[in-house]
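In what follows, a structure is listed as structure tokens, so that the remarks can point back to it.
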């Protein structure tokens, strides 16, 4: 029997989850007990004026090992101005991990992040890499409805998402190559948690974001597995300055262009066309000339013997890309065409 994905939207969903219309600081705190079956992570990304980039993730366990008890860690990826990637992951003993439920305050060994949706301070260390950042939101925290998708009628199996900083400013320093590098630029932060195996309920997704002039854009389209009728799960947020213009993703649709084969055996689209039309308002987005930033099999995160067995069954894959974006906005009295660049990812879970 085909099941349906249930979207947690509307006043009843907010009341059930104990939420107000606008996100509050406690929502970026620990949301789920890290017992077997549950997972949670806090993701931070910076794009810096010197051409470098940084991604830091605090997590309660690996996404591929959600059945375990608490196995926390911190991962850091720094992309140098010349494009070379430096990556390190630091496992943390459970006794050295803590997370507040009142606001974002996650401590993993001597790494930590704390914040209140408006301002965050982050310090992380893994291997020879270290990061110290101060982040300030310029676009307020947002979520689609209650920020959850349910995968059963009892509303017990779910995946949740909170873009705590859709766009912000960052300043601090990175340590790599044995040197301290002062940096400043733009940032993004989101928070995910849940209790479902994502590969059990989703086949793939597209997720992306951009900041063009005054506009901040976040889009996503998740595709459910055949068990859920291959249902589309669209998400869209468009803000101008600190005002959200669009937050109803339901009218959005994505059309893929021709596909580009990757040496890893999977492929990604050569471009995306995104359309949104509601009550006379219209958005049209074209992503073209994608440049591959990163690609890898999710099985690479497993021990060697598990990779060999895993590839006999599936080859889940991740692509991260930068593309040219042409955005046409026609909403109310706003009539604009803006061009720039967007970051987006393709996650193939099956």
TODO: Would you confirm whether any residue within the range 89-112 is modelled with pLDDT of 95 or more, under 17 Å from the mean Cα position of the chain (by Cα) and in a strand (DSSP E or B)?
DONE: yes
- [ ] Looking only at the range 248-261, count how many residues are without any contact (Cβ under 8 Å) to a residue 40 or more places away in the chain and in a strand (DSSP E or B).
- [x] 6
- [ ] Restrict the check to the range 3-26 and report whether at least one residue is under 21 Å from residue 124 (Cα atoms), in contact (Cβ under 8 Å) with a residue 40 or more places away in the chain and in contact with a strand residue (DSSP E or B) (Cβ under 6 Å, 6 or more places away or on another chain).
- [x] no
TODO: Quick one: residue 197 ticks every box in (1) surrounded by fewer than 22 Cβ atoms within 10 Å (Cβ to Cβ); (2) modelled with pLDDT of 95 or more except a single one, so which number is it?
DONE: (2)
Open item on the list: Whether any residue in the range 44-54 is over 19 Å from the mean Cα position of the chain (by Cα), part of a strand (DSSP E or B) and closer than 20 Å to residue 296 by Cα is what I want to check.
Closed with: no
Task: Lone unmet requirement of (1) surrounded by 21 or more Cβ atoms within 10 Å (Cβ to Cβ); (2) touching a helix residue (DSSP H, G or I) at 6+ places or on another chain (Cβ under 9 Å); (3) in contact (Cβ under 8 Å) with a residue 60 or more places away in the chain for residue 203 - done: (1)
- [ ] Hey, can you tell me all the residues within the range 1-28 that are within 21 Å of residue 98 (Cβ to Cβ) and surrounded by 19 or more Cβ atoms within 10 Å (Cβ to Cβ)?
- [x] 27, 28
Task: Within the range 55-70, considering residues that are modelled with pLDDT of 95 or more and not in a strand (DSSP E or B), the one surrounded by the fewest Cβ atoms within 10 Å (Cβ to Cβ) - done: 70
- [ ] Determine, yes or no, whether residue 35 is more than 25 Å from residue 187 (Cβ to Cβ), out of contact with any strand residue (DSSP E or B) (no Cβ under 6 Å at 6 or more places or on another chain) and exposed (fewer than 15 other Cβ atoms within 10 Å of the Cβ).
- [x] yes
- [ ] Go through the residues of the range 231-247 one by one and say whether even a single one is touching a residue at least 24 places away in the same chain (Cβ under 8 Å) and touching a helix residue (DSSP H, G or I) at 6+ places or on another chain (Cβ under 8 Å).
- [x] no
- [ ] Return yes when residue 44 is within 25 Å of residue 127 (Cβ to Cβ), assigned by TED's automatic domain parsing to the domain that holds residue 134 and either at pLDDT below 95 or crowded, with 17+ Cβ neighbours inside 10 Å (or both) and no when it is not.
- [x] yes
- [ ] Would you check which residues across the range 103-151 are within 20 Å of residue 77 (Cβ to Cβ) and touching a helix residue (DSSP H, G or I) at 6+ places or on another chain (Cβ under 8 Å) and list them?
- [x] 108, 109
Open item on the list: Tell me yes or no: at least one residue of the range 140-163 is in a strand (DSSP E or B), more than 30 Å from residue 226 (Cα to Cα) and at pLDDT 95 or above.
Closed with: no
Open item on the list: For the range 78-87, check the following and say yes or no: at least one residue is touching a residue at least 24 places away in the same chain (Cβ under 8 Å), surrounded by 17 or more Cβ atoms within 10 Å (Cβ to Cβ) and touching a helix residue (DSSP H, G or I) at 6+ places or on another chain (Cβ under 8 Å).
Closed with: no
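The values are calculated or read from the model by the stated rules, or taken from the named source; none is laboratory data. Not measured: the values here are computed from a predicted model. Here the Cβ is made from the backbone with ideal geometry for all residues, glycine too, and neighbour counts use every protein chain on show.
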